[in-house]
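Student: Could you have a look at this structure, given as structure tokens, before my questions?
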Amino acid sequence: MVATDLVSGTPAVLDQGSLGDACLASATLPGIFPPVRRGAMLLVDGGLLQNVPAPVMKSRGADLVIAVDLSSEREGAFDAASTPRLVPILMRSLELLMQNAVSGHAWAFDIRIRPQVGDFRMLSWKNYVELVERGRLAAEAALPEVEREVGALRARVIEAVDRATERATPLEIASARTLER
């Protein structure tokens, strides 16, 4: 789980402690909910810096990163003739920050699953059943690409193992087989 530390201005990887606390910190919308204090950090939504935390996954050695991008590219979020209220301004500002964060980290993910959520507002929790269904449909649509990428990764791993065993001596191979038992 990744949150944003308001004190340091950097991503905070929450890989220890309570999962519930990590979820709360990672989803705390600044200006809407108070930051979560964790040690010397004040944590808010990780989407401010890494809406899709693919760079963290790559830095930790992931060979394949599948990103689920829930940002929306809604245009015309406001009627230019009216003056929007504070909360809609904050919500739209967060949407724009998150869109930018996803685009800036596209290099770090191999597959991008993007459910069609543009017609929903950021806090449309009452529509969660439809949102989950859209996520399921997007994941199913991405399965062929996932299968191709997993197959390619498997082939690279097998090739690396084959190369390594070609250089191994019979004694090293026998020792490895003994360790397998």
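Student: Separation between the ALA164 and ALA40 pseudo-spin-labels, each 7 Å from Cα along Cα→Cβ, expressed in nm?
Tutor: About 3.9 nm, to one decimal.
Student: Still on this model: Calculate how steeply helix 86-104 sits against the longest principal axis of the alpha-carbon atoms of the chain, using the helix alpha-carbon long axis, and give the answer as 0 to 90 degrees to the nearest 10.
Tutor: 20
Student: For LEU6, put the label point 7 Å out on the Cα→Cβ axis and report which residues of the range 81-106 keep their amide N under 16 Å from it.
Tutor: Within reach of a label on LEU6, which here means backbone N under 16 Å from a point 7 Å along Cα→Cβ, the range 81-106 contributes 90-91, 94.
Student: Around ASP5, what is the net charge, scoring Lys/Arg as +1 and Asp/Glu as -1 over all other residues with Cβ under 15 Å from its Cβ?
Tutor: -1
Student: Continuing with this model, one more query. Need one word for the range 1-160: rounded, prolate or oblate. Basis is the Cα gyration tensor (sqrt eigenvalues a ≥ b ≥ c); a/c below 1.5 gives rounded, then a/b vs b/c decides.
Tutor: oblate
Student: Moving to a separate point now. May I ask which residue of GLN99, SER26, SER8 lies farthest towards the positive end of the charge dipole of the chain, with charges of +1 (Lys, Arg) and -1 (Asp, Glu) on Cβ and the Cα centre as origin?
Tutor: SER8
Student: To continue, here is another question. In debye, nearest 20, what is the charge dipole magnitude of the chain about its Cα centre with +1 on Lys and Arg Cβ and -1 on Asp and Glu Cβ, if you could check?
Tutor: Dipole of the chain, to the nearest 20 debye: 320 debye.
Student: Here's another thing I want to ask about it. For LEU14, what residues show an amide H to amide H distance below 5 Å, using hydrogens built from the backbone and excluding near sequence neighbours?
Tutor: Here VAL2, ALA3 satisfy the definition.
No lab work stands behind these numbers, since they all come straight from the coordinates. Only a predicted model underlies this, so the values are computations on that prediction, with no experimental measurement involved. Every residue, glycine as well, gets a Cβ built from its backbone with ideal geometry; the counts of neighbours run over all protein chains shown.
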